Amino acid sequence: TKALLRLKSDMSISIVCSLPQGTHNAQTFGDGVVFNDTKSDVVRVISSSGTSITFQVPSYKEDLIEYKNIDDSNIARQSFGRGLCIISPTLN
């Protein structure tokens, strides 16, 4: 949908905000939104004023990766932000 949608109790749908293509795990956060920006390999927090904070998703040297020679067709690629769990309502 390239947007975060809100389903209201009357079953109507509204757009919370637009999102980049390929976004995963988008959710409201404070006065804005937080999501995995998969194309950019970052977790991005955007406030309602448009301020953006990004956190780089880690990647590793190939020689440090275990099990790299198995069938990896079902394994996420390097720097793919998998899942998103909020552990604090603020970023300090």
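For this structure, a couple of remarks:
- Ordering SER18, VAL34, TYR60 by Cα displacement along the dipole of the chain toward the positive end leaves SER18 in first place; charges were set at the Cβ atoms of Lys, Arg (+1) and Asp, Glu (-1).
- Sites GLN27 and ASP63 - FRET efficiency at Förster radius 25 Å, r taken between beta-carbons, to 0.05: 0.10
- Restricting the calculation to Cα atoms, every distinct pair contributes to the Kirkwood radius of the stretch 1-82, found to be 14.7 Å.
- To put it simply, the accessible area of the chain at a 1.4 Å probe is 53 percent carbon and sulfur.
- Annotation note: trypsin sites (Lys or Arg not before Pro) in the stretch 1-30 located in DSSP loop regions with a Cβ neighbour count of at most 10 within 10 Å are LYS2, LYS8.
- Sites SER79 and LYS8 - FRET efficiency at Förster radius 35 Å, r taken between beta-carbons, to 0.05: 0.50
- Using θ = phi - 60° and Karplus 6.51 cos²θ - 1.76 cosθ + 1.60, couplings along the stretch 53-64 (whole Hz; Gly, Pro as x): 10, 10, 10, 5, 7, x, 9, 10, 5, 3, 6, 8
The values are calculated or read from the model by the stated rules, or taken from the named source; none is laboratory data. All values derive from a computational prediction rather than experimental measurement. Backbone-built Cβ (ideal geometry, glycine too); neighbour counts: all protein chains shown. Areas reflect the complete protein model, heavy atoms only, side chains present, ligands, DNA and RNA absent. Shrake-Rupley method; radii C 1.70, N 1.55, O 1.52, S 1.80 Å.
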